[in-house]
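The values are calculated or read from the model by the stated rules, or taken from the named source; none is laboratory data. The structure presented is a predicted model; accordingly, all values stated were derived computationally and were not measured. Cβ atoms come from the backbone with ideal geometry, glycine included; neighbour counts cover every protein chain shown. Accessible surface areas use protein heavy atoms only, side chains included; no ligands, DNA or RNA. Shrake-Rupley method; radii C 1.70, N 1.55, O 1.52, S 1.80 Å.
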Amino acid sequence: MRVYVPLTLPGLAEAYKTGELGAGPLTAYAVTPALREWYLSDDIEELEYAALNRAALASLRLLAADATAARRRVVVAVDVPDGTASADPDRGLDPAALGEVRVTGTVPLAKAAAVHVDLDDAEADVAAAAEALEAADRGDDDARFVVDGAEDHELLWYATQEIPNLVGLAG
């Protein structure tokens with residue numbers, strides 16, 4: 001099963017150093033039944049893109065909590081064995097939890113298929129979005145507009161062989 005793990009650049013650097021994304025339970029995003037129902041599509045590529053975007057929003061939340069991290073969203077696409085990722089049935093109808101899964105066990109970085117990271121030209125918008133996120137969550141329309149500005153930036157795809165270069169951006 002393909003899952004999308006939200007990180008920051010320092011989090012990616014730590015994963016590179018240890019060789020794992022972390023020991024479970026780990027929060028990630030995937031194509032879940034609730035995400036399929038919400039997105040109203042049977043196209044797996046579109047659904048995976050929606051899960052990637054949910055993980056990018058979770059990465060933004062991590063940035064909001066870590067003022068020292070470079071203002072770039074990071075998502076690692078990783079393949080985990082079926083049965084190790086599951087959605088919480090109690091949060092299935094919560095719009096904030098669409099696509100959210102818990103991954104049990106250790107997730108080796110070697111199982112990563114790709115890494116998705118913002119370009120440096122997104123940093124200003126991502127920084128503003130991280131600052132506005134709390135107000136957006138409370139329903140502030142102006143803050144929501146700022147958060148949407150970060151979401152307008154596409155995360156770029158990087159091969160796993162490029163992780164050492166990406167880790168260099170964290171410092």
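In the range 131-148, the residues that are farther than 15 Å from Ala96 by Cα form Cβ pairs under 8 Å with partners that are not hydroxyl-bearing (Ser, Thr, Tyr) and not in a helix (DSSP H, G or I), at six or more places apart or across chains, as follows: Ala132/Asp140. The set of residues in the range 61-87 that are open to solvent by less than 30 Å² (accessible area, probe 1.4 Å), closer than 16 Å to Asp148 by Cα and out of contact with any strand residue (DSSP E or B) (no Cβ under 8 Å at 6 or more places or on another chain) contains only Leu63. Report whether or not Ala34 is at pLDDT 90 or above, over 13 Å from Thr84 (Cα atoms) and assigned to a helix (DSSP H, G or I). For Ala34, the condition - at pLDDT 90 or above, over 13 Å from Thr84 (Cα atoms) and assigned to a helix (DSSP H, G or I) - is not met. Here Ala110, Ala129, Ala96 are screened, and the one residue that is assigned to a helix (DSSP H, G or I), surrounded by 15 or more Cβ atoms within 10 Å (Cβ to Cβ), out of contact with any strand residue (DSSP E or B) (no Cβ under 8 Å at 6 or more places or on another chain) and not charged (D, E, K, R) is Ala129. Only one of the numbered conditions (1) open to solvent by 10 Å² or more (accessible area, probe 1.4 Å); (2) farther than 18 Å from Pro89 by Cβ is not met by Ala56, and that is (1). Across the range 55-79, the number of residues qualifying as of a type in the set (A, V, I, L, M, F, W, C), assigned to a loop (DSSP other than H, G, I, E, B) and in contact with a helix residue (DSSP H, G or I) (Cβ under 7 Å, 6 or more places away or on another chain) comes to 2.
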